[in-house]
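Colleague: Take a look at the following structure, please.
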Amino acid sequence: MYNSNRIRTLIEKPDSPVYIICEIGINHNGSLAKALELIDAAKEADVDAVKFQKRSLPDIYGKAILKDANSAEWNFDYMIPLLKEYELSEDDYRIIRKKCDDLELDLIITPFDLSSAEFVAKLGVSAFKIASADMTNLALVEKCGSYGLPVIISTGMWEKSDIETCVKRYKDKGIQYILLHAQSTYPSPYESLNLKFIEELKKLSNPVGFSGHERGTFIPIAAVAMGCKVIEKHITFDRNEIGPDHKASMLPEEWKDMVHNIRMLEKSLGARKEVNQAEKLNREVFAKSAVAKSDIKAGHILVPEDVELKSPGKGIFPHEIIKYYGQVLKNDVKANHYIAKTDFENVITIGEWKLPKFSSTWGIKCRFHDFEAYNVLHAPSVEFHCSQTDLDVDFRPKESPNPSQLIVHAPEIFDRELFDICSDDETKVKRSLHILQRSIDKTLELAKYFPAKKPKMVIHLGGMSLNVRDLKDTRPMMDNAIRNFKPFHQYKDDLDILPENLPSRPWYFGGEWYQHGFATAEDMRYFCETYGLGMTYDICHAFLYCQVHNKDIVKYTETVMPIVKHLHLSDARGINGEGVQLGEGEMNLDAVFDKMKGYKDTWVTEIWSGHLHNGAGTYKAMQILGKYDNII
């Protein structure tokens, strides 16, 4: 087995040359032939190592999620089938091992579970890699460290305090570790890279490295200038291929030339370690948390034997669970369900909510699978956020006819791509229009069970770009949307189709994109007035647009309110901080709501993860909105 010992030498002598890892990951899309071609491309770029990923999905996710990924949040419905499809066989890895030997390349593999770690050790690697999601998965880290090989650990998704806690454990166990600074979104926005945090990691790891998911090639150069001795980036032959990592990857020719626009460097020199919303979504999919092995009743004292660690990472994380052993559970926890911190607190259940008496048509946002839990509120309206899979679900409320007004939020993602009728790509537009038709059909089907009022359908109509940062003239793409939407105007008597305004720097597929269409107030008026439509006004999205383009959110609100027929309400922060709790962001809510005086139509709150823990975030937002009842 070829092993340059360069990574071990780097630990012993941190002044050694930079060690460059070319991450192939799952960019082979399940093809061994493509994996071997990518190894050849990496060799031509003169890297030190190539890296892959190994998973045993039954050891990572519960049976329910693997059987029906749509039973959880929509991002699981996107990711789980893809991971199943892209996993290479053990025989494939043996061929990869030989290929690396022949080319004299170090082989590094990221195992995501204990059985995969055992296989990787038997296969033979120069080092183990631990993904950001598993930084706190101490059992996995210790397993990898037990083989006497270096363990390279990414630190995306986690706060500084989490990193320090885990480093203490690594040191106690004598693990030869290297920490990599990372920002776990794909692609990562420059403003979130916070490269100065590398200085903090240097206090915890010597050497230290950088795992990059941002666009371009100049940031790794900046990281090296700041003292990073390990650089890791993804490689692909085509950034437009389907999969979570292609869009954040470099092409083979870019690997040969890591010089790019140095002026962008200023945007990357933040010193904070901040976990953004996209990372939290990714953390939920990939990280592990404490899960009940069997049904646990309230009043039970939690012991280690009650717990196993599995995804999703929405409960108590592996490095935190020990603090809860010996504590009394205040709530029942079902088998295979994550254990949350709130399970040890007296939580107000949805049925116990005491809501303000709103004069407008307030509503609740939910999924099909948790509607009945919210139906006890008898909300005047309900908004179902649908995934592509939901369009095939035979959902029927127990109470039928149901008195709530129906609102359906159409899928933004289908067949692993974004809905977009603004595009010049006729094939993409055709597929998007097919999903639009299916969404309309689903809404009309559901309307049979919610006949009280005319149904509404919220939709994101496109206009995004992965790489085009600034677009001065959005009118051509809006004209595309108007032309492509024309056949659907026939449904105006059956339902209200309400395009939603979008932020300039949205999160799609766990990474940053650029939004051009359906972002400005003028474009929203232009499209909607062409067909006499109303719109869904998301005040958070509008604020984020205004932040990027130095616009006034109050004027934006004043411009769109004449056509608003539905509201999404939350606060915002910075240029991409979506879904912040009302009053905890940077928006002047009093001024914005002042421009909504007299509005009496439907609205829902959109607090990030507001549905978790018996809807605690949603409930808090509803309480806050009580003081604005004279407006909405």
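Colleague: Give me the percent relative contact order of segment 291-368, please, defined on Cα pairs under 8 angstrom at least 6 residues apart.
Modeller: In percent, rounded to a whole number, it is 35.
Colleague: Tally the DSSP beta bridges in the chain and give the antiparallel ones as a percent, rounded to 5. Before the final figure, lay out each step's value.
Modeller: Values: 15 of 76 bridges.
Around 20 percent antiparallel, to the nearest 5.
Colleague: How large is ³J(HN,Hα) for each residue in segment 180-193, as worked out from phi by the Karplus curve 6.51 cos²θ - 1.76 cosθ + 1.60 (θ = phi - 60°), to whole Hz, x for Gly and Pro?
Modeller: The phi angles translate into 10, 5, 8, 10, 8, 10, 9, x, 8, x, 4, 5, 9, 6 Hz.
Colleague: Here's something else I'd like to know. For segment 198-215, take each phi angle, set θ = phi - 60°, evaluate the Karplus expression 6.51 cos²θ - 1.76 cosθ + 1.60, and give the result in whole Hz per residue in order, putting x for glycine and proline.
Modeller: 4, 4, 5, 5, 4, 6, 10, 8, 9, x, 10, x, 9, 10, x, 10, 7, 5
Colleague: Starting from the Cα of residue 341, draw a straight line to each of the aspartates and glutamates and keep only those under 19 Å, dropping any in the same chain fewer than 8 residues away.
Modeller: 159, 162, 284, 295, 305, 306, 308, 320, 332
Colleague: Quick check: from the Cα gyration tensor, does segment 68-163 come out rounded (a/c under 1.5), prolate or oblate?
Modeller: Oblate is the answer for segment 68-163, as a/c is 1.5 or above yet b/c matches or exceeds a/b.
Colleague: When a/c is below 1.5 the answer is rounded, else prolate if a/b is larger than b/c, else oblate, so apply that to segment 296-367 with a ≥ b ≥ c taken from the square roots of the Cα gyration tensor eigenvalues.
Modeller: Details: a/c = 2.97, a/b = 2.06, b/c = 1.44.
Prolate, because a/c is 1.5 or more and a/b exceeds b/c.
Colleague: Right, something else. Is segment 323-456 rounded, prolate or oblate when judged by the Cα gyration tensor, a ≥ b ≥ c being the square roots of its eigenvalues, rounded requiring a/c under 1.5 and prolate requiring a/b larger than b/c?
Modeller: Oblate, since a/c reaches 1.5 and b/c is not below a/b.
Colleague: Same structure, new question: Could you sort the peptides 159-166, 503-510, 442-449 by per-residue average Cβ neighbour count (10 Å cutoff), highest mean leading?
Modeller: 503-510, 442-449, 159-166
Colleague: Which part of segment 435-475 falls in the paramagnetic zone of residue 396, meaning amide N under 13 Å from the point 7 Å along Cα-to-beta-carbon?
Modeller: 446, 448-450
Colleague: Now, a different point. Relative to the longest principal axis of the chain, what angle (0 to 90°, nearest 10) does the C-alpha long axis of helix 612-625 take?
Modeller: 50 degrees
Colleague: Pop out the carbon and sulfur fraction of the accessible area of segment 318-403 as a percent, whole number, probe 1.4 Å. Could you put the intermediate results ahead of the total?
Modeller: Details: 2250 of 4420 Å².
Here carbon and sulfur together make up 51 percent of the probe-accessible area.
Colleague: To the nearest µm²/s, what D does Stokes-Einstein give for segment 1-63 at 37 °C and 0.692 mPa s, using the Kirkwood radius over alpha carbon pairs as Rh? Write down the numbers at each step before the final one.
Modeller: Working: Rh = 13.8 Å.
For the chosen part, D equals 237 µm²/s.
Colleague: Right, something else. So for each of 95-103, 300-308 I average, over its residues, the number of other beta carbons within 10 Å; can you give me the resulting order with the highest mean first? Present the calculation step by step, with values, prior to reporting the outcome.
Modeller: On the way: 95-103: 16.3, 300-308: 14.2.
Top of the packing list down: 95-103, 300-308.
Colleague: Another question, if that's okay. What angle do you read, to the nearest 10 degrees and between 0 and 90, between the alpha-carbon axis of helix 32-44 and the longest principal axis of the chain?
Modeller: 60 degrees
Colleague: Here's a follow-up. Could you tell me the center-to-center distance, by alpha carbons, between segment 610-624 and segment 429-492 in angstrom?
Modeller: Distance between centres, Cα-based: 29 Å.
Colleague: Another question about this same structure. Put 92, 538 in order of accessible area, largest first, 1.4 Å probe: what do you get? Walk me through the numbers on the way to the answer.
Modeller: Working: 92 30, 538 0 Å².
Sorted descending by solvent-accessible area, the residues read 92, 538.
Colleague: What residues qualify as long-range amide H neighbours of residue 508, i.e. H under 5 Å apart, gap of 5 or more or another chain, H built at 1.01 Å from N?
Modeller: Under 5 Å from the amide H of residue 508: 513.
Colleague: Quick check for segment 197-305: number of Lys pairs with alpha-carbon distance under 14 Å, counting only pairs 8 or more apart or on different chains?
Modeller: Working: 202/229; 202/273; 233/247; 233/256; 280/288.
Taking segment 197-305 as the scope, the lysine pair count is 5.
Colleague: Name the aspartates and glutamates eligible as straight-distance cross-link partners of residue 555: C-alpha to C-alpha under 14 Å, and not fewer than 8 places from it in the same chain.
Modeller: Answer for residue 555, where 14 Å is the Cα cut-off: 522, 590, 594, listed by chain and number.
Colleague: To the nearest 0.05, what FRET efficiency results for residue 31 and residue 196 with a Förster distance of 45 Å applied to their C-beta separation?
Modeller: Values: r = 40 Å, r/R0 = 0.88.
The calculated FRET efficiency here is 0.70.
Colleague: Which order do peptides 246-252, 355-361 fall in by mean Cβ count within 10 Å, highest first? Spell out each step's value before the answer.
Modeller: Values: 246-252: 21.6, 355-361: 14.9.
The peptides rank, most packed first, as 246-252, 355-361.
Colleague: Near residue 454, which aspartates and glutamates are there with a Cα under 16 Å away, not counting those fewer than 8 places off in the same chain?
Modeller: 383, 441, 445, 493, 494, 496, 601
Colleague: Sequence-distant or interchain residues sharing an amide H contact under 5 Å with residue 572, placed H: which?
Modeller: 580, 585, 586, 587
Colleague: Which FRET efficiency, nearest 0.05, do residue 494 and residue 452 yield, Cβ-Cβ r, R0 25 Å?
Modeller: Details: r = 15 Å, r/R0 = 0.60.
Plugging the Cβ-Cβ distance into 1/(1 + (r/R0)^6) gives 0.95.
Colleague: Next question. Work out the P(r) tail for the chain: percent of alpha carbon pairs separated by more than 39 Å, whole number. Don't skip to the end; give the middle numbers.
Modeller: Numbers: 64662 of 199396 pairs.
Roughly 32 percent, once rounded to a whole number.
Colleague: Continuing with the same structure: Helix-only mean residue ellipticity at 222 nm, the chain, DSSP H runs n ≥ 4 weighted -39,500 (n - 2.57), per residue, nearest 500. What is it? Could you put the intermediate results ahead of the total?
Modeller: On the way: 21 runs with 202 residues, N = 632.
Value at 222 nm, helices only, nearest 500: -9500 deg cm²/dmol.
The values are calculated or read from the model by the stated rules, or taken from the named source; none is laboratory data. Worth saying up front: this structure is predicted, and the values here are computed from it rather than measured. Virtual Cβ from ideal backbone geometry, glycine too; neighbours counted across all protein chains shown. These area figures cover heavy atoms from the full protein model, side chains too; ligands, DNA and RNA do not enter into them. Shrake-Rupley method; radii C 1.70, N 1.55, O 1.52, S 1.80 Å.
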